[in-house]
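Contents: one structure, followed by commentary.
Taken together, the values in this text are just the output of simple stated rules run on the coordinates, not laboratory data. Everything numeric in this text was worked out from a predicted model, so none of it was measured. Glycine also receives a Cβ, built like all others from the backbone with ideal geometry; neighbour counts cover every protein chain displayed.
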């Protein structure tokens, strides 16, 4: 289903009344769970399954209607909920499923930063993300791998290049302190090595910052709007 917003797949269930026939449903749902591993997926309907049958004083009200969402659905719509209406002349309850709140979650657009390719660990991230298992048809496997790669790159960004200007300022401050200390202890070889290391760190971060803002200016010229990870 798609109505001008994010894609969501919905599976409507009408379970058989016999356990043997319901096995086919469970196998089908297991197969669909692998296909929809990287897509918001909602499963709802009459499962016709009861955990325990008890009668007399120990009888338990049966609940046949359920609604389930996978991790990606709850991440896209963290306030999703299912409301079960009162039963009317039936064992079944009407289900009202609400995905969005009055202020729906707006997923940020992904933008690849060129500076990532220059950082240590980038190639390992690509190989690890691309080597993960994926199921379904070729297009579904490609989509799953790309979504997985995007998640790895977001984590890589937070660990290495987010708030780049603050990182540059902190690196500059540390380098300045190391230079002052080296001026006061010119014979200290460890201080000299530390000053050189901090100089290289500052230089690398400053180059990354320059690359980030250069790409942002190009993005502004192309899209006409500011977008920052």
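At-a-glance table
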{"read-out": "Exposure proxy ranking, count of Cβ atoms within 10 Å, fewest first, for 183, 65", "value": "183, 65"}
{"read-out": "Footprinting exposure proxy for 153, 142 (fewest neighbouring C-beta atoms within 10 Å first)", "value": "142, 153"}
{"read-out": "Length-normalised contact order for the range 114-223 - Cα pairs under 8 Å, 6+ apart - percent", "value": "27"}
{"read-out": "Value in Å of the Kirkwood radius, where the range 114-223 supplies the Cα pairs that are averaged", "value": "16.7"}
